[in-house]
Amino acid sequence: MIYLDHNATTPISPEVLEAMMPYLTTEWGNPSSSYKFGAKLKSVIETARAQVAELIGAHPLEIVFTSCATESNNTAIHAALKANPGKGHVITSMVEHSSVLNYCAALASYDGYRVTYLPVDREGLLKLADLEKAITDDTAIVSLMWANNETGVLFPVKEIAEICRSRGVLYHCDAVQAAGKVETDLRKVQADYLSLTGHKFHAPKGVGALIVRRKTPVSPLIHGGHQERNLRGGTESVPLIVGMGKAAELARKYLPDYEKKVRPLRDALEEGILSTIPNTELNGHKTQRLANTSNITFHGIESEALLILLDQEGICASSGSACLADSDEPSHVVKAMKPESAASRQMIRFSLDTAVQARDIAASVSCLQRAVTALRD
Ligand code: PLP
């Protein structure tokens, strides 16, 4: 198998699994119990909290563990709206993940909120002037992602945060695809809320985090016990939290080398495709983009047909977000960038990681050449 879909999910790293093992076997207590067998696990959770905090330059007490980034994204927007009962306007972009877009759609249809979806240009970039114009006295929260999951395009999060701060509006940043791939330091980017999920950086699925900066309003979406300082009810999954903590520690350790390792492979794949397969087109800004992601339109070929041929040769890639893979809809991200063209139905996302080898890239390019020729014939 050649796995080129790391923006969908990543394998659990061996060190992460090793760190989790005691909590999947012998140390299975409930951290809320009063006896030592359970209660000692509280400190294990606190260690993981500190590891996640280190990855993003936050204080451990600013971290709330959740089940996934979908929950983190929903919770952040919910908390901001709860704290601003008199305000009825939310700003996001047309290219956010479905966990933001569909939550906003639900807010608009059930609760009467007005939602502004900021556009992007043909390269997937956002205009700060559009954000400035969209903010009104009625705006409760701005939710704009750090890096796009389909194209890897990076939004100017530092400037977005500054604009929100100067206009007195809360800013939530979905940093799911950025963590471990670019520096994500909240001391430099003044976001109020930030979402992460473990499975995008070699932790298991089923654990995420919402970072809520000090003095930022927060209220739970999931009510229950007093876990996570009353901010997220439900017995903590100690093994998953430990896994996310360890993965965050490793992501931080490997970050300085990440781009150096991944970019040449991604560039080789991209150039191999664009220079040898006719009628192909890059979607996304050439440089303002994650080093691991390449989103390419193969004109005249339906994404699904090409993905099937790739799969037959053991190559895993995708036609956009894994969360929407079973829908017939074209990519909403590429559609927002190039509304007039069929590019959104004819694109493939390749997302790499440091484990990908140069020979995987060469094999993928030649498989794509054969598959595209066969489909076009
Ligand atoms: N946000 C972005 C940008 C994503 O890419 C994803 C997952 O693909 C999510 C949110 C949702 O993450 P989770 O699967 O942990 O809910």
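The values are calculated or read from the model by the stated rules, or taken from the named source; none is laboratory data. Please read these numbers as outputs of a predicted model, since none were measured by experiment. Please note: Cβ atoms are built from the backbone with ideal geometry, for glycine as well, and neighbour counts cover all protein chains shown. Accessible surface areas use protein heavy atoms only, side chains included; no ligands, DNA or RNA. Shrake-Rupley method; radii C 1.70, N 1.55, O 1.52, S 1.80 Å.
Computed quantities for the displayed model
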read-out: Gyration tensor verdict on the stretch 213-280 (Cα atoms; rounded if a/c is under 1.5, prolate if a/b is larger than b/c, oblate otherwise); value: prolate
read-out: Beta bridges by DSSP in the chain, antiparallel share as percent, to the nearest 5; value: 55
read-out: Per residue accessible area of the stretch 272-368, 1.4 Å probe, in Å²; value: 42
read-out: Rg/Rg_globular for the chain, with Rg_globular taken as 2.2 N^0.38 Å and Rg from C-alpha atoms; value: 1.00
read-out: For the stretch 14-251: accessible area per residue (Å², 1.4 Å); value: 40
read-out: FRET efficiency, 1/(1 + (r/R0)^6) with R0 35 Å, evaluated for Lys133 and Arg229 via beta carbons; value: 0.40
read-out: Stokes-Einstein D for the stretch 1-46, Kirkwood Rh over Cα pairs, 10 °C, 1.306 mPa s (µm²/s); value: 124
read-out: Inter-label distance, nm, simple model (7 Å from Cα along the C-beta direction), His299/Asn30; value: 6.2
read-out: Karplus-derived 3J(HN,Hα), 6.51/-1.76/1.60, for each residue of the stretch 90-96, Hz, glycine and proline x; value: 10, 10, 9, 10, 6, 10, 5
read-out: Förster radius 41 Å - calculated FRET efficiency between Lys188 and Arg376 (Cβ-Cβ, nearest 0.05); value: 0.30
read-out: Acute angle (nearest 10 degrees) that the helix 14-24 long axis makes with the longest principal axis of the chain, alpha-carbon atoms; value: 40
read-out: Value of [θ]222 nm, deg cm²/dmol, for the chain, DSSP H segments ≥ 4, -39500 (n - 2.57) each, nearest 500; value: -13000 deg cm²/dmol
read-out: Cα extents of the stretch 48-89 along the three principal axes, largest first (Å); value: 37, 19, 12
read-out: Label-point gap, in nm, between Met94 and Ile308 - each point 7 angstrom along Cα→Cβ; value: 3.1
read-out: Three-way shape call for the stretch 1-126 based on the alpha-carbon gyration tensor, with the a/c threshold at 1.5; value: oblate
read-out: Cut-off 10 Å between beta-carbons: net charge of the residues surrounding Ile315, Lys and Arg +1, Asp and Glu -1; value: -4
read-out: Nearest-0.05 FRET efficiency for Ser341 and Arg114, computed from C-beta distance (R0 35 Å); value: 0.70
read-out: Debye log10 I(q)/I(0) for the stretch 142-276, one point scatterer per Cα, at q = 0.15, 0.18, 0.20 Å⁻¹; value: -0.86, -1.13, -1.28
read-out: Carbon + sulfur, % of accessible area of the chain - ligands and nucleic acids excluded, 1.4 Å; value: 55
read-out: Tally of Lys pairs whose C-alpha atoms are under 15 Å apart, taken over the stretch 14-251, 8 or more apart or cross-chain; value: 6
read-out: Accessible area, probe 1.4 Å, largest first, for residues Asp137, Asp111; value: Asp137, Asp111
read-out: Within-13-Å neighbourhood charge of Gly112 [Cβ basis; K, R +1; D, E -1]; value: 0
read-out: Separation in nanometres of the label points that stand 7 Å from Cα toward Cβ, at Gln369 and Glu15; value: 3.8
read-out: Whether the stretch 170-231 is rounded, prolate or oblate, judged on the alpha carbon gyration tensor where a/c under 1.5 counts as rounded; value: oblate
read-out: Cα-based convex hull, the stretch 230-377, per residue volume (Å³, whole number); value: 168
